[in-house]
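Everything on this sheet refers to the single structure shown next.
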Amino acid sequence: MTDSAPLHLLVVDDDDRIRGLLQKFLIRNGYLVSVAGDAARARRLLGGLDFDLIVMDVMMPGEDGISLTRALRDRGVMVPVLLLTARGEAESRIDGLEAGADDYLVKPFEPRELLLRINAILRRVPQPLKPAPTVARNLTLGPLRYDVDRAELWQGDQPIRLTTTEIALMRIFAARAGEVVGREKLVAELGGDEAQASERAVDVQITRLRRKIEPDPKQPRYLQTIRGEGYRLAPD
């Protein structure tokens, strides 16, 4: 953490004990923390406050964490989401990532691991922009333009919203445009672990990114799969 204003986190969990413990732990580690016991309360807080990251339980009465994450993304709300789940099956975790979550953590977990994952997600959030260079560096993807220095994707004068993980992926691929980047390399640069699950998660994120940059995501022109090697960004 820096000497600037503390980052504001929202913890959403229907378990009073867990919610309170997480709030105290994160406050001790320098964060400003608000809490909600269900999705309805979280929606009200999100309607009036800005948050830097949401830590949210999947299994809650009423609207669950995956549904709320999906609803936020559908509304264009791009605040990073870290899901907590007691279900260890890979498919449940993939569901969360497909809904737009940035990471997941399976209960029970060590608080320090939660802190490390939060920090890893926040490191991927773009920092305040430096003065723009005299000549912008852009990559052209058909009707889209990717501003390399600002990490922004545009269609004409309309910005295309990217999640923090999608921003991180575009930074990685733009820095190696035309080169093949292996899945293991992507996992490492995104800060993943548990190799198989993380590589599968990368595949999910690639699929989501293709929906935003490809005319036909099922036949990718720009973000290509190189069988047995990885992926390659091939701008015009």
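Would you list the helices (runs of 4 or more DSSP H) that sit entirely within the range 1-79 and hold 1 or more residues that are under 17 Å from Ala99 (Cα atoms)?
39-48, 65-74
Take Pro217 and decide whether it is at pLDDT 85 or above, open to solvent by 30 Å² or more (accessible area, probe 1.4 Å) and touching an Asp or Glu at 6+ places or on another chain (Cβ under 8 Å).
In short, no.
Would a scan of the range 130-142 turn up a residue that is within 22 Å of the chain's Cα centre (by Cα), open to solvent by 60 Å² or more (accessible area, probe 1.4 Å) and either over 17 Å from Ala234 (Cβ atoms) or modelled with pLDDT of 90 or more (or both)?
No, the range 130-142 contains no residue that is within 22 Å of the chain's Cα centre (by Cα), open to solvent by 60 Å² or more (accessible area, probe 1.4 Å) and either over 17 Å from Ala234 (Cβ atoms) or modelled with pLDDT of 90 or more (or both).
Cβ-Cβ distance below 7 Å, separation of 6 or more or different chains: which pairs start in the range 213-236 with a residue that is among the aromatic types (Phe, Trp, Tyr) and end on one that is open to solvent by 70 Å² or more (accessible area, probe 1.4 Å)?
From the range 213-236, the pairs are Tyr231/Thr225.
Show the residue pairs that are 6+ apart or on different chains and have beta-carbon atoms under 8 Å apart, the first residue being within the range 36-60 and free of Cβ contacts under 8 Å to residues at least 24 places away in the same chain and surrounded by fewer than 16 Cβ atoms within 10 Å (Cβ to Cβ), the second being among the charged types (D, E, K, R) and outside any helix (DSSP H, G or I).
Correct list of pairs: Ala40/Glu63.
Could you say which residue among Gln205, Gln224 is out of contact with any Cys (no Cβ under 8 Å at 6 or more places or on another chain), under 20 Å from Ala101 (Cβ atoms) and either among the polar types (S, T, N, Q) or in a strand (DSSP E or B) (or both)?
Gln205
Can you find, within the range 22-33, the residue that is farthest from Leu72 (Cα to Cα) among those that are without any contact (Cβ under 8 Å) to a residue 60 or more places away in the chain and surrounded by fewer than 17 Cβ atoms within 10 Å (Cβ to Cβ)?
Looking at residues that are without any contact (Cβ under 8 Å) to a residue 60 or more places away in the chain and surrounded by fewer than 17 Cβ atoms within 10 Å (Cβ to Cβ), I get Arg28.
How many residues, within the range 101-120, are under 14 Å from Leu9 (Cα atoms) and charged (D, E, K, R)?
Residues flagged as under 14 Å from Leu9 (Cα atoms) and charged (D, E, K, R) within the range 101-120 amount to 1.
The values are calculated or read from the model by the stated rules, or taken from the named source; none is laboratory data. In this text, all values refer to a predicted model and were calculated from it rather than measured experimentally. Heads up, the Cβs are rebuilt from the backbone with ideal geometry, glycines too, and the neighbour counts pull from every protein chain shown. Ligands, DNA and RNA are stripped out before the accessible areas are found, and what is left, the full protein with its side chains, is counted by its heavy atoms. Shrake-Rupley method; radii C 1.70, N 1.55, O 1.52, S 1.80 Å.
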